[in-house]
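The values are calculated or read from the model by the stated rules, or taken from the named source; none is laboratory data. Treat the numbers as computed from the prediction; the structure is a model and nothing was measured. A quick note on method: Cβ atoms are made from the backbone with ideal geometry, for glycine too, and the neighbour counts reach across all protein chains shown. To get the accessible areas, we keep the full protein, side chains included, count just its heavy atoms, and leave off ligands, DNA and RNA. Shrake-Rupley method; radii C 1.70, N 1.55, O 1.52, S 1.80 Å.
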Amino acid sequence: MIPNRWYAALSEKELRGRNLLGFKRFGLDLALWRRKDGTYVCLSDRCCHRGASLSHGSVVDDQLYCPFHGMSYDETGHVRQIPANGKNMQVQERFHVRRFPTQVKYGFLWIYYGDENQMLPDVPFVDELKSGYIYSEFSEVWPVHYTRAVENQLDVAHLPFVHNTTIGRGQKTLVHGPVVIWEEEKMTFYVKNANDEGTKTPQKPDEIRPYEQLFSLQYQAPNIWQNRISDKLRIVAAFAPIDDDHTRIYLRTYQSMVKVPLVGNLLANVLQLSNKVILHQDRRVVIGQKPVKSALRMDENLIQADLPIIEFRRKREELQRTEISQQEGESDGTR
Ligand code: FES
Ligand SMILES: [Fe+2]
């Protein structure tokens, strides 16, 4: 994980009608509960007393009660009362569990993973999709680390092989570039795939000019991806890390061609159908990749076409290093 980042972790759809639920993200069991003001509190799903699952408890008057011995937690993750000790006895500071800040925005529940003192104010979503679009959503779990699921969407050489019946028709096997441009933690990559006449070698990224009109896709750290089909049609994926071997992928089709709600929803649903087929074509291959988790340096032979994947790995490791060394610097009083 890249620490000190907001992650799209659940869909707002999964929260509807529920005031308490348990789930796993970042390799941790989490309990999420709703307060009367509509905000969500995310705590470690393991009672600090004797380890019972808090998500099997109950929420009463903005406190979460453990189902085992009735200790009650507030929104900071601290125990307010220990029934067996009586109302008169003060609760010691050590009775608390880890709390993760949350925000509900753009149809996702975002969870902040890291040090709250370093917290970024806003969640990293695609700017132009924050309003004006209608989307359809579908999600499923893949048995891979989230890095492999992200990399699949950055892979421009697989199209004619994995998707030869859908988006990869036409045998455009020769990969020029791709051109990769970073703006802070957002990577845009421009794709120029061509038929191989046997007369050319791939153009280097800096030989492709101009590139701005080419088909492009984006990755926004830490876990959002966008395929810009057109101004009015986009595919977005959020890769929610469950643990080292599992990722929940939220796949959305956004459209702004029809803005009338019911018809617009219907259109988004229809467009989403083919994206689901395409995702399942990917799934067949990605779940067999070894190892399930990727790293910048490992036993693979990469090629020029893999540039967006290399860039993703490089940025991920750079951000991990920076955040971790900052934390260490702060804990020994240096920067
Ligand atoms: S295990 Fe939760 S109150 Fe005892
Ligand atoms: Fe694919």
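General observations
Residues are listed down the side, and each one gets a yes or a no for (1) open to solvent by 10 Å² or more (accessible area, probe 1.4 Å); (2) in a strand (DSSP E or B); (3) free of Cβ contacts under 8 Å to residues at least 60 places away in the same chain:
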site: 229; (1), (2), (3): yes, yes, yes
site: 238; (1), (2), (3): no, yes, no
site: 254; (1), (2), (3): no, yes, no
site: 270; (1), (2), (3): yes, no, yes
site: 276; (1), (2), (3): yes, no, no
site: 284; (1), (2), (3): yes, no, no
site: 291; (1), (2), (3): yes, no, yes
site: 297; (1), (2), (3): yes, no, yes
site: 301; (1), (2), (3): yes, no, yes
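- Close pairs (8 angstrom Cβ cut-off, 6 or more residues apart or separate chains): assigned by TED's automatic domain parsing to the domain that holds residue 156 in the stretch 312-329, assigned to a helix (DSSP H, G or I) and among the hydrophobic types (A, V, I, L, M, F, W, C) anywhere: 312/150
- Residues satisfying the stated conditions in the stretch 43-53, i.e. in contact (Cβ under 8 Å) with a residue 12 or more places away in the chain and surrounded by fewer than 21 Cβ atoms within 10 Å (Cβ to Cβ): 44, 46, 48, 49, 50, 52, 53
- Pairs, first within 15 Å of residue 45 (Cβ to Cβ) and in the same structural domain as residue 47 (by TED's automatic domain parsing) in the stretch 61-75, second assigned to a strand (DSSP E or B) and among the polar types (S, T, N, Q), C-beta under 9 Å, six or more apart: 64/58; 64/72; 65/58; 65/72; 66/72; 67/58; 71/81; 73/63
- Residue list for the stretch 84-110, restricted to those being among the β-branched types (Val, Ile, Thr) and either closer than 14 Å to residue 45 by Cα or within 16 Å of ligand 1 (Cβ to nearest atom) (or both): 91, 97
- If you go through the stretch 61-83 and pick out every residue that is touching a Leu at 6+ places or on another chain (Cβ under 9 Å), small (Gly, Ala, Ser) and within 10 Å of ligand 1 (Cβ to nearest atom), you end up with 1.
- Residues of the stretch 129-165 satisfying the condition of being small (Gly, Ala, Ser) and away from ligand 2 (no atom under 16 Å from the Cβ): 131, 132, 136, 139
- Once the stretch 54-86 is narrowed to residues that are within 13 Å of residue 22 (Cα to Cα) and under 25 Å from the mean Cα position of the chain (by Cα), the residue that is surrounded by the fewest Cβ atoms within 10 Å (Cβ to Cβ) is 55.
- Conditions (1) in contact (Cβ under 8 Å) with a residue 60 or more places away in the chain; (2) within 16 Å of ligand 2 (Cβ to nearest atom); (3) open to solvent by less than 30 Å² (accessible area, probe 1.4 Å); (4) assigned to a loop (DSSP other than H, G, I, E, B); number of the one not met by residue 168: (1)
- Odd one out for residue 207, checked against (1) over 25 Å from the mean Cα position of the chain (by Cα); (2) modelled with pLDDT of 95 or more; (3) open to solvent by 30 Å² or more (accessible area, probe 1.4 Å); (4) within 16 Å of ligand 2 (Cβ to nearest atom): (4)
- Counted as qualifying within the stretch 88-165 are the strands (runs of 3 or more DSSP E) with 2 or more residues that are over 20 Å from residue 39 (Cβ atoms), namely 134-142.
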